[in-house]
């Protein structure tokens, strides 16, 4: 019997590799004599860099960049095994987790550090980039990143504007002549599972701004500023990103990359699954375990467990989803090929208890479900 273990991270408690290890431990303790293949996954957000680096035999490199408030911090980027493909998780430089709740203000936060990561990778010889979006603290449309790359965003007096979504209010012209010339040699792939447009009611500011500390008044101001930015981008480059699907990801960073760096939006899960050869592994399997921190209606819209199930469905391989908690809409996953979804919690407990004991809970659930699967298989024979 061959079992594939392909979970996403359990955010806040287990990385994808840790979750995969816990599931394997449970399978081993069930007494099942199986060939086990561990394939930790990500969907374009947290964990994407490490998944791709480990799958290709690459390396992670450290660099000093600006955090969302412009303070110098240690961040990192990954170089894949080919030596020229760079993976950047934007959250390592501009993530919400980098600043305290009291400092969350998308009028001020910047993506400058993301641009600095790109510069560092360019200096190291990278010319192909995978930029993983998710968990951002910013709503500047990628303005800070573009400024770091040499583009000048000017006010009415011809002076450079400041950083942050609020500074875009002063923007009157864009001078792209100073863009790092090496960018012309590069390919940019934007890894994201978000389909929101750049501006409007479903855009970056309205949908994600409140999560980053924006009040209702700030949301309206940020959306007006991004609209101004998008208007000038269209006038400068000919690229219209206002309604572009996915351009609103990471506070509009996706739109900035698409407009000025020629970035192509792709499903984060698809990028990862291609590099880790997920389809090839599932093709010969008898059972697949996947999982995530919370499973609900959103899982069917681009999350890793749903992507795993869609692949497995083509080969007739049953998929079990193990989750920290279950929400509404999990029935949608059965249409995608998921055989069953289980919460790993085995008794009433607090969130803190569940997160602290997540590895043991995951192991126990995998152990019992493997026993059930093997028993059912033997009975069928």
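No value in this document is a laboratory result; all are computed from the given coordinates. Since this is a predicted model, take the numbers as computed values, not measurements. Note that each Cβ is placed from the backbone with ideal geometry, even for glycine, and that neighbours are counted across all protein chains shown.
A few remarks follow.
- Tilt relative to the chain, helix 16-29 - C-alpha long axis, 0 to 90 degrees, to 10: 0 degrees
- Value of relative contact order over the stretch 48-269, rounded to a whole percent, pairs C-alpha under 8 Å and six or more apart: 19 percent
- Packing-based exposure ordering (other Cβ within 10 Å, fewest first) of 163, 97: 97, 163
- The chain: most fluctuating residue of 202, 155, 346 per GNM, C-alpha cutoff 10 Å: 346
- Mean-square fluctuations from a GNM of the chain, with a 10 angstrom spring cutoff on Cα atoms, peak among 128, 182, 310 at 182.
- Sorted ascending by nearby beta carbons within 10 Å, beginning with the fewest, 87, 194, 63 become 63, 194, 87.
- Centre separation in Å (Cα based) which lies between the stretch 332-356 and the stretch 270-309: 16 Å
- GNM flexibility winner over the chain from 305, 181, 68 (Cα, springs under 10 Å): 181
- Footprinting exposure proxy for 123, 103 (fewest neighbouring C-beta atoms within 10 Å first): 123, 103
- Computed over the chain, relative contact order equals 19 percent, with contacts defined as Cα pairs under 8 Å that lie 6+ residues apart.
- The C-alpha atoms of the chain define a longest principal axis, and helix 358-380 lies at about 50 degrees to it.
- What the Cβ-Cβ distance of residue 84 and residue 280 gives, at R0 = 30 Å and to the nearest 0.05, is a FRET efficiency of 0.80.
- Between 0 and 90 degrees, the angle of helix 112-123 with respect to the longest Cα principal axis of the chain falls at about 80 degrees.
- Note on the stretch 1-106: antiparallel DSSP beta bridges, both residues inside, total approximately 75 percent of the bridges counted.
- Relative packing of 47-56, 72-81, which averages over residues the other C-beta atoms within 10 Å, highest first: 47-56, 72-81
- Within the stretch 48-269, DSSP assigns beta bridges of which about 50% are antiparallel (rounded to the nearest 5).
- Computed [θ] at 222 nm, deg cm²/dmol, the chain (DSSP H ≥ 4; -39,500 (n - 2.57); rounded to nearest 500): -11000 deg cm²/dmol
- Annotation: the antiparallel percentage among DSSP beta bridges lying fully within the chain is about 35.
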